[in-house]
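The values are calculated or read from the model by the stated rules, or taken from the named source; none is laboratory data. Only a predicted model underlies this, so the values are computations on that prediction, with no experimental measurement involved. Positions of Cβ are backbone-derived with ideal geometry, glycine not excepted, and every protein chain shown enters the neighbour counts.
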Amino acid sequence: MPGGREINGADVLAALRGARGATPDPDALRAAVHPDDVFADYEELLEACPPVRVGISPGAHAALLAPLFGEFE
């Protein structure tokens, strides 16, 4: 995303672990995202960590993670 910022895996993990109403599978989450991973945009994160892989709905995924990149704000 032009003008966006990179997000690291630790930010993604924190957002998903602190989510209310969405409970990702902890083992799947650890396999999909590492704290030192870096994602340039939401699409890159979506490819590495799709909602079905971590056990949350696509809507919850977008609502929790897209704002990390400044999208939907």
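Kindly indicate whether residue 29 is surrounded by 13 or more Cβ atoms within 10 Å (Cβ to Cβ), hydrophobic (A, V, I, L, M, F, W, C), modelled with pLDDT under 90 and under 17 Å from residue 69 (Cα atoms).
Against the criterion (surrounded by 13 or more Cβ atoms within 10 Å (Cβ to Cβ), hydrophobic (A, V, I, L, M, F, W, C), modelled with pLDDT under 90 and under 17 Å from residue 69 (Cα atoms)), residue 29 does not qualify.
Just a yes or no: is a residue in the range 32-43 crowded, with 17+ Cβ neighbours inside 10 Å, free of Cβ contacts under 8 Å to residues at least 40 places away in the same chain, of a type in the set (Val, Ile, Thr) and more than 13 Å from residue 70 (Cα to Cα)?
Yes, there is a match, as at least one residue in the range 32-43 is crowded, with 17+ Cβ neighbours inside 10 Å, free of Cβ contacts under 8 Å to residues at least 40 places away in the same chain, of a type in the set (Val, Ile, Thr) and more than 13 Å from residue 70 (Cα to Cα).
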